[in-house]
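The values are calculated or read from the model by the stated rules, or taken from the named source; none is laboratory data. Predicted model, so just to flag it, every value in this text is computed and none were measured. Glycine gets a Cβ as well: all are built from the backbone with ideal geometry, and neighbour counts include every protein chain shown.
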Amino acid sequence: MSLYDRILGHPFVYHYVRPLVVGIDYTPQYEALDAHSADRILDIGCGGGDALRYLGSFETYHGFDTDEVAISFAKQRPEAGRPNVHFETAPVTPATFQHVRPTRVMMNGLLHHVDDEAAVQLLRMCGATNTVERIVTNDPVYLADEPLNNILARLDRGRFVRRIEGYRDLVARAGLTIAHDVVMRSHPTRGIARYLLMVIER
């Protein structure tokens with residue numbers, strides 16, 4: 001991993017510095033997840049556990065990430081001490097879905113970090129799990145006539161930022177249905193980056 005990636009990927013930079021630069025508010029993404037007290041949430045690529053700032057109600061929350069530093073940061077959050085909150089440093093596999101039996105799956109900022117085959121495989125795992133009712137993804141996106149946004153997208157640590165059609169194609173290849181998608185600012189009033197939010201159903 002390059003020094004650039006190590007700096008940008010550090011939880012402190014991600015959670016405290018980055019929001020000051022580009023403006024970050026994930027409220028709409030977690031509202032789209034529509035989680036309730038009976039939901040089992042699987043957060044793939046959970047990073048430092050930022051989801052717990054936005055999720056108000058759930059039966060269980062399971063955050064998975066392959067970054068040991070990020071998971072260590074997540075486990076230090078006050079909410080991590082709750083008995084229904086779990087963090088694990090591991091890739092997600094079909095066995096993960098069988099164990100967690102999620103009703104809601106969040107992939108916030110994940111798809112642009114993986115190539116097409118890996119992205120389709122993840123989405124197919126969601127589709128193959130009959131408990132999953134909703135999947136929400138949120139990723140930087142290249143847009144026509146948005147040069148500043150596109151520069152930010154190119155500077156992102158994720159090497160697979162796509163155009164809108166590219167993300168939609170992943171969902172179609174996985175045999176899933178996009179119930180709703182929208183391009184939105186990273187923060188409703190001061191966000192300078194654009195993200196594609198997709199609400200996906202089986």
(message) Given the condition of a type in the set (A, V, I, L, M, F, W, C) and in a loop (DSSP other than H, G, I, E, B), answer yes or no: does some residue in region 101-114 qualify?
(response) yes
(request) Determine the pairs where a residue that is modelled with pLDDT under 95, located within region 31-57, has a partner that is surrounded by fewer than 17 Cβ atoms within 10 Å (Cβ to Cβ) and β-branched (V, I, T) with Cβ atoms under 7 Å apart, the partner being 6 or more residues away or on another chain. (result) Y54/T27
(message) Could you check region 58-73 and list, in sequence order, the residues that are farther than 15 Å from T96 by Cβ and either among the hydroxyl-bearing types (S, T, Y) or outside any helix (DSSP H, G or I) (or both)?
(response) F58, E59, D67, S72
